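The values are calculated or read from the model by the stated rules, or taken from the named source; none is laboratory data. It should be emphasised that the depicted structure is a prediction, and the values quoted were computed from it without experimental measurement. Don't worry about glycine lacking a Cβ; one is built from the backbone with ideal geometry, like all the others, and counts go over all protein chains shown. Heads up: the accessible areas ignore ligands, DNA and RNA and are worked out on the full protein's heavy atoms, side chains in. Shrake-Rupley method; radii C 1.70, N 1.55, O 1.52, S 1.80 Å.
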Amino acid sequence: MDYFIAKSIHIIFVISYFAGLFYIVRLFIYHSETLQRDEEPKRSILHKQYIFMQERLWNIITVPALIIMSISGIYMLYAMNWVWLKEGWMHIKLLFVVFLYGYHFWAWKLMRKLQKGIAPYSSVHLRMMNEVATLILFAVIFSVILKTLFVQYWYWSLVWFLLMGILIMLVVKLVNKNK
């Protein structure tokens, strides 16, 4: 019973965490576009508003969701006597969770730069980076749902994953070609 409660909590906070990640990068896009404008006082007003919105989203939703998601995930591994750590699909999932933590760190560092008024990326680049979280989510979900099939046909999984990533990035690039 404890396992199923932990699993439910884990799923709820995975959804909450990804919602936070998707929205924070959207805010980065708009913040970056604002910083590239010359119009005062509009630029200063929006800059302050984006800082406020990002801080609230990050500290109230995204980080707490990451913590609860991680704790419930570790608890599920513990409840299963760590047996899943021997499974190939879990290796793939955990690899992408490591990528997710790296993406989280990247987002945090970018938020700090934007708060200082530094916009190191174009809005198109940020739109493409927003899709990285989507790709990580796809990899984790498919590895968990398909389990042994995902591992057994890892080369096809990798090919489809790469093709999907390329397709998503091309669509983002085409939709934003005038920016």
Would you mind putting 56-66, 158-168 in packing order, based on average other-beta-carbon counts within 10 Å, highest first?
56-66, 158-168
Computed from every Cα-Cα pair in the stretch 74-179, P(r) in 5 Å bins starting at 0 and rounded to whole percents is 2, 11, 17, 18, 16, 14, 10, 7, 4, 1, 0
With all protein chains present, the chain has a carbon and sulfur share of its accessible area (1.4 Å probe) in percent of 72
Helix runs (DSSP H) in the chain reaching 27 Å along axis by Cα, Kyte-Doolittle at least 1.0:
2-35, 123-146, 154-175
Equivalent ellipsoid semi-axes, the stretch 115-169, via Cα gyration tensor eigenvalues times 5, rooted, Å
30, 12, 7
With the Cα gyration tensor of the chain in hand, give its eigenvalues times 5 under a square root as the equivalent ellipsoid semi-axes, listed largest first in whole angstrom.
34, 21, 10
Pairs from Lys93/Lys173; Lys42/Lys109; Lys42/Lys177; Lys86/Lys147 whose Cα-Cα separation, in the structure shown, is over 18 Å:
Lys93/Lys173; Lys42/Lys109; Lys42/Lys177
Furthest towards positive pole of dipole, Ser72, Phe52, Trp82, structure part the chain, Cβ charges:
Phe52
With every protein chain in place, the accessible area of Lys48 for a 1.4 Å probe, in Å² rounded to the nearest 10, comes to 140
Loop only per DSSP, at most 10 neighbouring Cβ atoms within 10 Å: give me the GluC sites (Glu not before Pro) in the stretch 12-105, ordered by residue number.
Glu39
With every protein chain kept in place and a 1.4 Å probe, the residues Thr148, Thr134 fall, from largest accessible area down, as Thr148, Thr134
Dipole magnitude (debye, nearest 20) for the chain, charges at Cβ of Lys, Arg, Asp, Glu:
360
Let a ≥ b ≥ c be the square roots of the eigenvalues of the Cα gyration tensor of the stretch 1-50; is it rounded (a/c under 1.5), or, if not, prolate (a/b larger than b/c) or oblate?
prolate
What accessible area, in Å² to the nearest ten, does a 1.4 Å probe give for Val124?
20
